[in-house]
Amino acid sequence: MKKKDYLKNPIQHIDITSFDATAITRAMRGMSFTARDLAVAADIYNRMLMDKKCAVILTIAGSTSAAGCMKIYADLIKYNMVDVVIATGAAIVDMDFFEALGSSITREVRM
């Protein structure tokens with residue numbers, strides 16, 4: 001494949017408000033390895049959201065926004081599901097600089 005073949009399908013950012021993942025996350029409690037870990041993490045996160053004294057810190061390492069997580073981060077902030085965001089330089093460059101330059105440049109950077 002050539003570079004242009006990879007670039008013809010832009011990354012789609014997932015919309016976490018368009019579905020309810022509660023049932024599948026609960027079902028993962030009975031699985032093993034990372035699936036069970038995800039269910040435990042979801043339980044912990046829910047408890048954090050319910051605790052008014054708890055600060056929720058979103059830590060972003062690397063360029064995960066380019067992988068399709070941009071809308072997730074925006075929604076977590078929009079719906080007050082995080083209190084603080086800590087990001088590495090890659091995330092900041094991707095989210096701020098390249099996105100500001102436009103979608104065609106961002107699409108190339110993402111690949």
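In the stretch 4-16, the residues that are closer than 24 Å to ASP75 by Cα form Cβ pairs under 6 Å with partners that are open to solvent by 60 Å² or more (accessible area, probe 1.4 Å), at six or more places apart or across chains, as follows: PRO10/ARG107; HIS13/LYS71; ASP15/LYS71. Just one of the numbered conditions (1) under 18 Å from ILE77 (Cα atoms); (2) exposed (fewer than 12 other Cβ atoms within 10 Å of the Cβ); (3) not hydrophobic (A, V, I, L, M, F, W, C) is not true of ASN46: (2).
Of all the residues in the stretch 1-32, those that are exposed (fewer than 12 other Cβ atoms within 10 Å of the Cβ), under 21 Å from the mean Cα position of the chain (by Cα) and in a helix (DSSP H, G or I) number 4. Of the residues making up the stretch 33-71, those that are assigned to a helix (DSSP H, G or I), in contact with a Ser or Thr (Cβ under 8 Å, 6 or more places away or on another chain) and free of Cβ contacts under 8 Å to residues at least 40 places away in the same chain number 3.
The single condition among (1) assigned to a helix (DSSP H, G or I); (2) at pLDDT 90 or above; (3) open to solvent by less than 70 Å² (accessible area, probe 1.4 Å) that ALA74 does not meet is (2).
The values are calculated or read from the model by the stated rules, or taken from the named source; none is laboratory data. Note that the structure is a prediction, hence the values are computed from the model and not measured. Note: ideal-geometry Cβ built from the backbone for every residue, glycine included; neighbour counts use all protein chains shown. Heavy atoms of the whole protein, side chains included, go into the accessibility calculation; ligands, DNA and RNA do not. Shrake-Rupley method; radii C 1.70, N 1.55, O 1.52, S 1.80 Å.
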